[in-house]
1. Go through (1) more than 16 Å from the chain's Cα centre (by Cα); (2) under 12 Å from L22 (Cβ atoms) one by one and return the number of the condition E62 breaks.
2. Restricting attention to region 97-109, and to residues there that are open to solvent by 50 Å² or more (accessible area, probe 1.4 Å) and of a type in the set (A, V, I, L, M, F, W, C), which single residue is nearest to G55 (Cα to Cα)?
3. What's the number of the only condition in (1) in contact with a strand residue (DSSP E or B) (Cβ under 8 Å, 6 or more places away or on another chain); (2) touching a residue at least 24 places away in the same chain (Cβ under 8 Å) that N52 fails to meet?
4. State whether one or more residues within region 20-34 are assigned to a strand (DSSP E or B), surrounded by 18 or more Cβ atoms within 10 Å (Cβ to Cβ) and touching a Leu at 6+ places or on another chain (Cβ under 6 Å).
5. Filter region 63-84 down to residues that are open to solvent by less than 40 Å² (accessible area, probe 1.4 Å) and in a strand (DSSP E or B) and give me whichever is farthest from E49 (Cα to Cα).
6. Mind checking which residues of region 63-122 are of a type in the set (K, R) and modelled with pLDDT of 95 or more?
7. Is it true that T94 is hydroxyl-bearing (S, T, Y) and open to solvent by 50 Å² or more (accessible area, probe 1.4 Å)?
8. Looking only at region 85-119, count every residue that is free of Cβ contacts under 8 Å to residues at least 60 places away in the same chain, in a strand (DSSP E or B) and basic (K, R) and tell me the total.
Amino acid sequence: KHTGGVDLDDEPADHEGVKVFLEPVDAHGDVLKAAGSVKVQLYDLAAAEADNLIGEYEWSVEETAENWHSGFLAYHYSFECPWQAGPPAHDEVTVRAEFTEYLTGRTFTAQTVCKVRPAAGD
């Protein structure tokens, strides 16, 4: 629910990418810290089909562990995904995330649409 556009250069004009938050949950709905790898794909579905994949990112098991955050009411992984080929042409980006659990090899997927502020004039 917190995934969305992010200002990576601390200047509040345009978003320079998307910050993705993942919360693996068990059968009871409790967030758990599980070892695994992550793959994130960003799509601008309003663009032509040949051009709608606007970013693809992968983190190994070790890299994923470094992106775990816990504290008061916060238990999640977070990943910054800067634009790879410039900002999208539209203000909605579809985020598809895959979490492959290390122990069993099972892959879990989630998808959401988030709002972004593309660069002015795009």
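1. Of (1) more than 16 Å from the chain's Cα centre (by Cα); (2) under 12 Å from L22 (Cβ atoms), only one is false for E62: (2).
2. Let us first name the residues in region 97-109 that are open to solvent by 50 Å² or more (accessible area, probe 1.4 Å), namely 102-104, 106-109.
Narrowing further to those that are of a type in the set (A, V, I, L, M, F, W, C): 103, 108.
Numbers: L103: 28, F108: 19 Å.
Here the residue is F108.
3. Result: N52 passes all but (2).
4. no
5. G71
6. Initially, region 63-122 is screened for residues of a type in the set (K, R), giving 96, 106, 115, 117.
Hit for region 63-122 is R96, nothing else.
7. On the way: hydroxyl-bearing (S, T, Y): yes; open to solvent by 50 Å² or more (accessible area, probe 1.4 Å): no.
So T94 does not fit the description; no.
8. Step one: list which residues in region 85-119 are free of Cβ contacts under 8 Å to residues at least 60 places away in the same chain, which gives 85-86, 88-92, 94, 96, 104-107, 109, 111, 113.
Of the ones still in play, those that are also in a strand (DSSP E or B) are 92, 94, 96, 107, 109, 111, 113.
Keeping just the survivors that are basic (K, R) gives 96.
Final tally of qualifying residues: 1.
The values are calculated or read from the model by the stated rules, or taken from the named source; none is laboratory data. In this text the structure is predicted, and so the values were computed from the model without any measurement. Cβ atoms come from the backbone with ideal geometry, glycine included; neighbour counts cover every protein chain shown. Just so you know, the surface numbers come from the protein's heavy atoms only, side chains and all, with ligands and any DNA or RNA stripped out. Shrake-Rupley method; radii C 1.70, N 1.55, O 1.52, S 1.80 Å.
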